[in-house]
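Below: the structure, in structure tokens.
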Amino acid sequence: MIQRVALVLAAFALLVIAGCSKAPEAEMQAANNAINAARSAEAEQYVPNAFRMASDTLNAAMAAKNEQDSKFALFRSYGKSKEMFIRAQALAEEASAKAAEEKERVRQEVTNLITEAQAAIDAANAAYAKAPKGKGNKAELELIKTDLAGVAAQFEEAKNDFNAGKYLTAKSKVQAVMQKANSITEEIATAAGMKK
Amino acid sequence: MAGCQEPPSASLERAKKALEHASNMGAIKYAETTYRSAEQLVQQGWMEMARQKGRLGPFRNFKPADSILNLAFETANRATEEASTYVRNSEALIQAERTTLKSELSEWKEGLNGALSRNKVEHYWNAAELAYRTSEILLNNREFDEARKMVAEGKESLKKMAEMITAYDNDDSSKIHIWRRWVAETVESSRASGRYAIIVDKSKHRTYLIKGGKLIHTYDSEFGYNPAHQKMFSGDGATPEGKYYITEEKGYGRSKYYKALLINYPNASDKVRFEENKRKGYISKRARIGGLIEIHGEGGKGRDWTEGCVALTNKDMDHLMKYVGVGTPVTIVRRSDRWP
């Protein structure tokens, strides 16, 4: 009887050990996928710290799994690595979400700048339309007209960069466009002031 | 028995820190290949360390893991150095290119002052300047490739401007003999008759009063806002080039521009040229030849601004009108390189 009980307990203990020794392959795969998704979401550029934390956690999880893989089968325990893989996956998903947020923030910032630049261009065009058209101004007005065309061309270029997701490039170009449009408006205002 | 018994945790931390530093220095963007190798080596060393930790004490050997992590540290440092070098070189290169562009912009600006072709080509200069300013913002935002592209665009604009100016110069060269002849004929006729004549040189922005073939007075002058061309039609902003004479004197109160001397533009050859240009399709069929070309006052603005007239200061108009009147020859040339 005692022998039988001992056998059942041993079998149970083996089952428990065998249960714990199952490598967390699915969790590892899910964490890897989440990291790759974060990389695709440009988390490395937009939220480098969050991405690094996720990536380090994944590496630590893999190290923990590796450590257990190297042990004799009966002594393996993957509980810790499994938890870490789950944590890495969550951190990677968080990094993806934060990257999307940051990218959206930059996108929104450039969108606002584009609206402001459009207003600056409109103001310059309006100033040009209202500029005194006297005989002595024709040369200047011709020049301002070509300047406005140049500004419009660069603005289009900036919008193309924006549409291609190159938000930082678009931002720089839009800023230059705004400066130039404002200087044209100022130039016309100064000229009109001098005429009076 | 075994090589190294202690896990190289310090080496791992050091390699991770070096990798983080490389990332902060922009290595992901500017030294990507080296950065990725360092990243892989950190992972590899870390996994090897873990593998050894899993082994039984006497069989552990952390030496390979330590070597890999040391290599990862060195590679990460190399990535940092590569990225820094790229940034440094790019900044220096773009700054040098921007400096060249800036000095070209200044030189051209100076060269354009007073040039007949100025109004026709200045928009290229402005485009180049806009590119120069944009490149500065891009550079400050560490957008090196875009900044270089922008500088190249600026240079391209200046190149187009130079080509256009050369085209004007070539056009001048092909016509200089005509202007030389007109000037020589006017001087000779004044010498023979002993009478006054006027010669206008657009490139020098000067009007000369001569008598008996000799220079009497020089007046600073301003022209149409498109002075680099022969006048082709009404509204083109060009001052006509040819041999004319004064047809009417307009005293104070009879001209919008102080006082004026009306000339006989269009003359016979202007009319022939105008019709020919129309026939050849160089100008619109609806174009008009224009008229009312005068030497008038209200000048002294320091730029070419009229619709095609010659503008002098009011004081100079007073002076000129003392000597000339209806019938006085007026020869207008784009360039009179051998006279006075």
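Just so it is clear, none of the values below were taken in a lab; they were calculated from the coordinates. It should be emphasised that the depicted structure is a prediction, and the values quoted were computed from it without experimental measurement. All Cβ positions, even for glycine, are placed from backbone atoms using ideal geometry, and neighbour counts span all protein chains on display.
Calculate how many DSSP beta bridges within the protein assembly as shown are antiparallel, expressed in % of all such bridges and rounded to the nearest 5. Mind dumping the intermediate values first?
Details: 25 of 32 bridges.
If I count the DSSP bridges inside the protein assembly as shown, around 80 percent turn out antiparallel.
What whole number of Å gives the distance from the Cα centroid of segment B:281-296 to the Cα centroid of segment B:123-143?
39
Size of the dipole of the protein assembly as shown about the Cα centre, Lys and Arg at +1 and Asp and Glu at -1 on the beta carbon, nothing else charged, in debye to 20?
The calculation lands at about 1320 debye.
If amide H atoms are built 1.01 Å from N in the plane of the peptide, which residues on other chains or at least 5 residues away come under 5 Å of the amide H of B:GLU248?
Here B:LEU262 satisfy the definition.
Can you compute 3J(HN,Hα) from phi for each residue in segment A:168-174, using the Karplus curve 6.51 cos²θ - 1.76 cosθ + 1.60 with θ = phi - 60°, rounded to whole Hz and x for Gly and Pro?
Running phi through 6.51 cos²θ - 1.76 cosθ + 1.60 with θ = phi - 60° gives 5, 4, 4, 4, 4, 5, 5 Hz.
How far is it, in nm, from the label point at A:ARG105 to the one at B:ARG36 when both lie 7 Å from their Cα along the line to the Cβ?
Rounded to a tenth, the inter-label distance reads 2.9 nm.
Taking a threshold of 32 Å on the Cα-Cα distance, which of the pairs A:LYS159/B:LYS17; A:LYS159/B:LYS301; B:LYS120/B:LYS278 fall above it?
Working: A:LYS159/B:LYS17 39 Å; A:LYS159/B:LYS301 40 Å; B:LYS120/B:LYS278 22 Å.
Those over the limit are A:LYS159/B:LYS17; A:LYS159/B:LYS301.
Which of B:ARG195, B:ARG118, B:ARG254 moves most in a GNM of chain B, Cα contacts under 10 Å?
Greatest mean-square fluctuation among the candidates belongs to B:ARG254.
What aspartates and glutamates could a cross-link reach from B:LYS280, if we take a straight Cα to Cα line under 16 Å and drop same-chain neighbours fewer than 8 places away?
B:ASP270
Among the listed pairs B:LYS160/B:LYS243; A:LYS180/B:LYS160; A:LYS65/B:LYS29, give every one whose C-alpha distance is greater than 26 Å.
Where the Cα-Cα span goes over 26 Å, the pairs concerned are B:LYS160/B:LYS243; A:LYS65/B:LYS29.
Using the 10 angstrom Cβ neighbour count as an exposure proxy, how do B:PHE274, A:PHE75 rank, fewest first?
Neighbour counts put them in this order, fewest first: A:PHE75, B:PHE274.
Could you pull out every residue, at least 5 positions away or on a different chain, whose amide H is within less than 5 Å of the one on B:ARG195? Hs are placed 1.01 Å off N in the peptide plane, and Pro or chain starts have none.
Hits under the 5 Å cutoff: B:GLY212.
As I understand it, the dipole of segment B:233-316 uses +1 on the Cβ of Lys and Arg and -1 on the Cβ of Asp and Glu, about the Cα centre. Which of B:GLY253, B:ILE283, B:ASN267 lies farthest toward its positive end?
Highest projection toward the positive end goes to B:ILE283.
Could you pull out every residue, at least 5 positions away or on a different chain, whose amide H is within less than 5 Å of the one on B:ILE293? Hs are placed 1.01 Å off N in the peptide plane, and Pro or chain starts have none.
B:ILE263, B:TYR265
Let me confirm one metric for peptide A:150-157, namely the mean number of other chain beta-carbon atoms within 10 Å of its residues' beta-carbons.
Numbers: counts 9, 3, 0, 2, 6, 0, 0, 3.
Counting other chains' Cβ atoms within 10 Å and averaging over A:150-157 gives 3.
Tell me, what HN-Hα J-couplings in whole Hz come from the Karplus equation 6.51 cos²θ - 1.76 cosθ + 1.60 at θ = phi - 60° for each residue of segment B:226-240, using x for Gly and Pro?
Each residue's phi maps through the Karplus curve to give 10, x, 6, 10, 5, 5, 10, 7, 5, x, 7, x, 9, 8, x Hz.
Could you give the Stokes-Einstein D for the protein assembly as shown in µm² per second, using the C-alpha Kirkwood radius, 20 °C, 1.002 mPa s?
Translational D for this selection: 71 µm²/s.
Given chain B, what whole percent of its Cα pairs are spread farther than 26 Å?
Tail fraction, whole percent: 65.
Count, for each residue of A:43-53, the Cβ atoms from other chains sitting within 10 Å of its Cβ, then give me the mean as a whole number.
Rounded to a whole number, the mean comes out at 2.
Regarding segment A:105-164, what is the average projected area of its C-alpha convex hull, in nm²?
If you wrap the Cα atoms of segment A:105-164 in a convex hull and average its projections, you get 4.1 nm².
Per residue of segment B:109-121, in order, report the coupling 6.51 cos²θ - 1.76 cosθ + 1.60 (Karplus, θ = phi - 60°) as ³J(HN,Hα) in whole Hz, putting x for Gly and Pro.
Karplus-based 3J(HN,Hα) across segment B:109-121 equals 4, 5, x, 7, 4, x, 5, 5, 7, 3, 5, 6, 10 Hz.
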